[in-house]
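Colleague: Got a structure for you, questions after.
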Amino acid sequence: MQHPALLGMGEAPYLNGLGEAAEELRRYLLDVLRVGDVDLCEGYLRAMDDIYSALVTVDYPDALTGGLRRTTDVTRGVLEKTRADLTLAAQQYALERRLSAFELRLGPSLLTTGEQ
C-alpha cells in the first residue's frame, strides 16, 4: 500500500477507499468464482482480509476518520459473506470432482443401466 500523501489525499478518504476496494474485490472474486478458479479467489480473499485487518486497527473518532467505523463494519460483513460463499463453492467443486472420478470408475455400462 502506498502512503496517502504520495497519492495526494488525506488518510481518512484513503482508508475509507480501502474499505470500498474490499467490496469491489468481492464483486471481482464472485466473477472469477463463476468460471471456477477457486485458487485465484483465495488470493482475493486474503487481500480483503488484509484490508480489514488494517482498518480494524484504526481507533480514532468518526469525526476524524469520516465514518471509518461504519466502513470497517461493512467491510467485515462483506469479508464474512465472501468467505462463506467461497467455502461453499470450494466444497461444491471438490464434490463435483469426486463424483466425476467415481463415475469414471463405474464405467459407462453401469451408468446407463440405472437410467432404464
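The values are calculated or read from the model by the stated rules, or taken from the named source; none is laboratory data. Predicted model only: the values in this text are computed from it and were never measured. No Cβ is skipped: glycine too gets one built from the backbone with ideal geometry, and neighbour counts run over all protein chains shown. Calculation scope for accessible area: heavy atoms of the full protein, side chains included, ligands and nucleic acids excluded. Shrake-Rupley method; radii C 1.70, N 1.55, O 1.52, S 1.80 Å.
Colleague: Match the structure shown to one of the listed values (1) 12, 20, 15, 13, 11, 9, 7, 6, 4, 3, 1; (2) 13, 43, 32, 12, 1; (3) 13, 32, 23, 14, 9, 6, 4, 0 of P(r) over Cα pairs in 10 Å bins from 0, in percent, computed from it, and give that label.
Modeller: (3)
Colleague: For Tyr14 and Leu99, what does the FRET efficiency come to when R0 = 35 Å and r is the distance between their Cβ atoms, rounded to the nearest 0.05?
Modeller: 0.15
Colleague: Further question on the same structure: For labels at Asp39 and Ala54 in the simple 7 Å Cα→Cβ model, what's the distance in nm?
Modeller: Using points 7 Å along Cα→Cβ, the separation is 2.7 nm.
Colleague: Of Gln91, Leu18, Leu7, whose Cα points farthest to the positive end of the dipole of the chain (charges on the beta-carbon: +1 Lys, Arg; -1 Asp, Glu; origin at the Cα centre)?
Modeller: Value computed over the given set: Gln91.
Colleague: Short version: ³J(HN,Hα) in whole Hz for each residue of the stretch 76-84, in order, from phi by Karplus 6.51 cos²θ - 1.76 cosθ + 1.60 (θ = phi - 60°), x for Gly and Pro, what are they?
Modeller: Couplings: 4, x, 5, 4, 5, 5, 5, 4, 5 Hz.
Colleague: May I ask you to give the solvent-accessible area per residue for the chain, in square angstrom, as obtained with a 1.4 angstrom probe?
Modeller: 69
Colleague: Now a separate question. Counting only protein heavy atoms and a 1.4 Å probe, tell me what percentage of the chain's accessible area is made up of carbon and sulfur.
Modeller: 56
Colleague: Here's a follow-up. Quote the relative contact order of the chain in percent (integer), defining contacts as alpha-carbon pairs under 8 Å separated by 6+ residues.
Modeller: 30
Colleague: Work out, step by step, the length gained on full extension between Arg69 and Thr87: first 0.36 nm times the residue separation, then minus their alpha carbon distance; give nm to one decimal.
Modeller: Here the answer is 3.8 nm.
Colleague: Can you give the charge dipole size of the chain about its Cα centre, rounded to the nearest 20 debye, using +1 on the beta carbon of Lys and Arg and -1 on the beta carbon of Asp and Glu?
Modeller: 240
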